[in-house]
Structures are given as structure tokens and as C-alpha cells.
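Notes to accompany the following structure.
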Amino acid sequence: MDVLAEVLRVSGARGALGVMLKAGGTWGLWLDSFPGAALHVVSRGTMWLHVTGEKPLQVQAGDAVLVSPGTAHGIAGSAGVTMGSCDREEAARALGDGRALRLGSAPAQTEVIVLHYEQDPEVRTPVLTSLVRPMHVTARENAQLGRTVELLAAELAQPQIGTTAAINSIVNLLLVQFVRAWLARHPQEQPGSWLGAMRDPVVRDALARVHAQPEHPWTTETLAAATSVSRATLSRRFRSALGQTPGAYLTQWRIDLASVRLRDTDEPVESISSAVGYGSPHAFSRAFRRARGTAPGEYRSRLRK
């Protein structure tokens, strides 16, 4: 079971090109209330990432850095630059015209591709939303990521037939490659986050089983047996990795699955309740109401208004 692929699929995590930046001289841009997670990819030169409460982070050519949704942050040409606010309307016009947003007064020495990643608002499993601090992968840590960045830059530099489709595919590929590289190189970072939990083989194995068979009547005991550890070990490591019990996570994922099906299909509530592991519609309705604050039928009606 490819847990990352399954969670990204169900959570509807999709990427989009935000803006292309070409900057030179003294420049800085503050990005508050940034939509979704932001992946900044430096294709040329050097930039500095500024996040409140963190030391400025140098990001060099071929590097990429992922910032969680809702994190106010800035990018600049040096560590001590005063940053101005982003002109979103001008950025949107530049993107629509297929041109780069230019910053600073000197000839461009730095080029940055800013990508957005958002997930389905009906899915509460925090794949990209629980990151404690920015995730940074350097060019020397993953050559494959660097080649994909070069491919994206080439598509942007010379648009042709199919470029839009190609960019969309490359943007989503970059997220997977980025996470893969980060997990391989930074095993001790991001405790308490969903992505960080992937570094614990016991938790990863348990998650794989939950996501492969969410309808199975899992208990902490049976899940521990399936992963060949004790109940106490699984509970301790699961809580350390994700901040919740295996049972709480299972319920959250089942409700996520049900929410998407209630919105996107006409399946009866009884069928959905069985498909996500509840023995009766009544038990499902009770669990759903606790999680979403409303009954499944009312939830479906509200989303379709």
C-alpha cells in the first residue's frame, strides 16, 4: 500500500503554478495569508526564506522549500532585506500573460518558481497542514528533484502545445519527489506531523493497513498484531508520531472518506456507512455528527446547495 499516494489522492492534494519570479539587486516579498502550502523552487541564484520566529533560511539554485498553509513568510535576496507586500493582482496578470514577475531594479540574478498545493477542504487528515517548520531539500540531496525542476523551467521558458497539461503534471510530480527526498534525508525532523510520521516504520506499517482496509474492524490490539508489535508499543509510537491514538486516526480517516463520498456521489448513507467500516447507519451517523457537527444527510444537502 502506497500510503502517501493514497492520502494525496483522497485528500485531493493538487498543485498549481503560483508565479514565476525574476529578481535582482535588493528585493524582498512578504507573503501573508498565502493560499495552500507553498513550494518555492529556486531555479537560478539564491534567495532567503523568512518565517516569523525562525532564522532566515538560505535556499540556493536547485533547492526547494515547502511552507505549510497559513504560514506568513517572506522571500528575499538577502537575510536583512525589508520586504514589501505581494501585489497579487500583478502576479495574477503576469501568470496569465505567461511572463515572470520582476522584482528589484538590477538585472535578474535569481529565478524562483512558486507553486501552490491545496487539499480538499472536506478532508481533515493533515497531510500538508501540520508542518512545524519549513521543509528544505537541497539540490545535492536529490538529483532527480533537480532534473524535474529543470524540466519545469524549460516548459515555462518555451511554452508550446500541451504546456499547460505538462506543467500540471510536473507540479504534482514535484511534490511527491520533494517529500520522498525529504523523508530520506531528514529523518529526525517534523515530529507530530503526518509526513514526519512516515519515518517511523511501525507507524508507517500501521497507516498502510488502515488505508488499505479502512472498513476493517480494526482495534489498537488487532492493528498492533498485524504490525508485529505490542499494543503498548503501537499506542506509544503512534501518539508520538501523530499526536493521537490509532483509533482516533482511523475514525478521522473514515469520516474523511465518507465526507468525500457524501459530496461527490449519490450513494445511500447506508452504503457509505458500510463502506467506511461502520456496522450500522446509526453508529455511522453518531460518529459523523461528532466529527462534523451535523448528520450525514444534512451534510450532503448543505454541500450541494
Exercise for the section: Being closer than 23 Å to E122 by Cα and part of a strand (DSSP E or B) is the filter; apply it to the stretch 31-41 and report the residue that is nearest to the chain's Cα centre (by Cα). Expected result: A37
Exercise for the section: Check the stretch 125-132 and report whether any residue there is β-branched (V, I, T) and open to solvent by less than 40 Å² (accessible area, probe 1.4 Å). Expected result: yes
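Yes/no per residue for (1) among the hydroxyl-bearing types (S, T, Y); (2) in a loop (DSSP other than H, G, I, E, B); (3) open to solvent by 70 Å² or more (accessible area, probe 1.4 Å):
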residue	(1), (2), (3)
G15	no, no, no
L29	no, no, no
S43	yes, no, no
W48	no, no, no
V65	no, no, no
S78	yes, yes, no
E89	no, no, yes
A106	no, yes, no
Problem - Selected residue [small (G, A, S), over 20 Å from the mean Cα position of the chain (by Cα) and under 25 Å from D97 (Cα atoms)] from G24, G53 - result: G24
Practice task
Name every residue in the stretch 1-13 that is over 20 Å from R124 (Cβ atoms) and either open to solvent by less than 40 Å² (accessible area, probe 1.4 Å) or among the hydroxyl-bearing types (S, T, Y) (or both), in order of residue number.
Solution key: none
Practice task
Taking the residues in the stretch 161-184 that are within 21 Å of M20 (Cα to Cα), among the small types (G, A, S) and open to solvent by less than 50 Å² (accessible area, probe 1.4 Å) as candidates, determine which candidate is farthest from the chain's Cα centre (by Cα).
Solution key: G162
Completion exercise
The residue from T71, T129, T148 that alone is in a helix (DSSP H, G or I) and among the hydroxyl-bearing types (S, T, Y) is T148
Exercise for the section: Check off (1) open to solvent by 30 Å² or more (accessible area, probe 1.4 Å); (2) within 20 Å of E215 (Cβ to Cβ) for G293 and give me the number that stays unchecked. Expected result: (2)
Problem - Only listed residue being closer than 26 Å to T148 by Cα, part of a loop (DSSP other than H, G, I, E, B) and open to solvent by 20 Å² or more (accessible area, probe 1.4 Å), chosen from R99, R93 - result: R99
Completion exercise
By residue number, the members of the stretch 17-27 that are open to solvent by less than 10 Å² (accessible area, probe 1.4 Å) and not in a strand (DSSP E or B) are G24
Practice task
Within the stretch 288-305, work out how many residues are within 13 Å of L262 (Cα to Cα), among the small types (G, A, S) and outside any helix (DSSP H, G or I).
Solution key: 1
Fill in the blank from the handout: Note on the stretch 108-124: residues open to solvent by 70 Å² or more (accessible area, probe 1.4 Å) and touching a Gly at 6+ places or on another chain (Cβ under 8 Å) are Q109, E118
Exercise for the section: Could you check, for the stretch 118-134, whether at least one of its residues is touching a residue at least 60 places away in the same chain (Cβ under 8 Å), of a type in the set (G, A, S) and more than 30 Å from T251 (Cα to Cα)? Expected result: no
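The values are calculated or read from the model by the stated rules, or taken from the named source; none is laboratory data. If you're wondering where the values come from, they're calculated on a predicted model, not measured in any experiment. Neighbour counts run over all protein chains shown; Cβ positions are idealised from the backbone, glycine included. Surface areas here come from the heavy atoms of the whole protein model, side chains and all, with no ligands, DNA or RNA. Shrake-Rupley method; radii C 1.70, N 1.55, O 1.52, S 1.80 Å.
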